[in-house]
Amino acid sequence: MDVPWSGTYDGSGSLIPATPSDWGYALDPLGTARDRVAVDSQLWHLRGAAGLALTKAVTPHWSVYVLPQAVLELVDMSATRRETLTYTDGQTGQTSTLASRADHKSGFAVVPGFLLTGGLDYRIDSGWYAGTSLGWEWLAEDPGLHVGPDRVRFDLDGGEFSLYVGRNF
């Protein structure tokens, strides 16, 4: 799931007591009962990384590098799970809410990982350079929260692409 994420899904497990999954079938001639769940989430994270750059000059102006790094992700996350049980009358089509419940959870995690980046630098002159890089980050685990009977996970593994201009001092 992409974060921050907001959406709905069915069949996640009921928080509201006495809502068997076969209600929709049992009440079909009279109307339909639906158990609907929505999850809203927010995420803030900060990454710190340390590693050694392995650089090879290809020409006087061009150089390539590989940068393996150990990373720590500081993750502040929150999720709200809302469940609503509604009934739609089969004859009139009118919908009414039978029950609703909301659960909210916040948490903080420090997650270790590994980042591998490779790039290409161009020396403009003795002080300035420009370049591009590609990288991928793998974390030891996906941080997450238990909200009601469900676990909301934040998948932070992913790639990065950079274009940059820099100056040596």
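The values are calculated or read from the model by the stated rules, or taken from the named source; none is laboratory data. Only a predicted model underlies this, so the values are computations on that prediction, with no experimental measurement involved. Cβ placement follows ideal geometry from the backbone for every residue including glycine, while neighbour counts extend to all protein chains displayed.
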task = Might you check whether a residue that is touching a helix residue (DSSP H, G or I) at 6+ places or on another chain (Cβ under 7 Å), in contact (Cβ under 8 Å) with a residue 24 or more places away in the chain and not hydrophobic (A, V, I, L, M, F, W, C) occurs anywhere in region 35-46?
result = no
request  = Give the residue, chosen from GLY118, GLY107, that is within 16 Å of the chain's Cα centre (by Cα), farther than 15 Å from ASP157 by Cα and either assigned to a strand (DSSP E or B) or of a type in the set (Lys, Arg) (or both).
outcome  = GLY107
Contacts under 6 angstrom Cβ, first residue in region 85-112 being in contact (Cβ under 8 Å) with a residue 60 or more places away in the chain, partner in a strand (DSSP E or B) and loosely packed, with under 12 Cβ neighbours inside 10 Å, 6 or more apart = TYR87/SER96
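Where in region 1-64 are the strands (runs of 3 or more DSSP E), entirely inside, with at least 3 residues that are within 30 Å of GLY148 (Cα to Cα) and either β-branched (Val, Ile, Thr) or at pLDDT 50 or above (or both)?
Ranges flagged: 31-51.
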request  = Run ARG151 past the list (1) within 16 Å of the chain's Cα centre (by Cα); (2) over 30 Å from THR32 (Cβ atoms); (3) surrounded by fewer than 15 Cβ atoms within 10 Å (Cβ to Cβ) and report the number of the one that doesn't hold.
outcome  = (2)
message = I'm trying to understand the selection: among the residues of region 145-162, which are of a type outside the set (D, E, K, R) and either free of Cβ contacts under 8 Å to residues at least 24 places away in the same chain or touching a helix residue (DSSP H, G or I) at 6+ places or on another chain (Cβ under 7 Å) (or both)?
response = GLY158
inquiry  = Just to be sure before I move on: is ALA99 surrounded by fewer than 17 Cβ atoms within 10 Å (Cβ to Cβ), over 21 Å from LEU156 (Cβ atoms), modelled with pLDDT of 95 or more and touching an Asp or Glu at 6+ places or on another chain (Cβ under 9 Å) in the structure I sent?
reply    = no
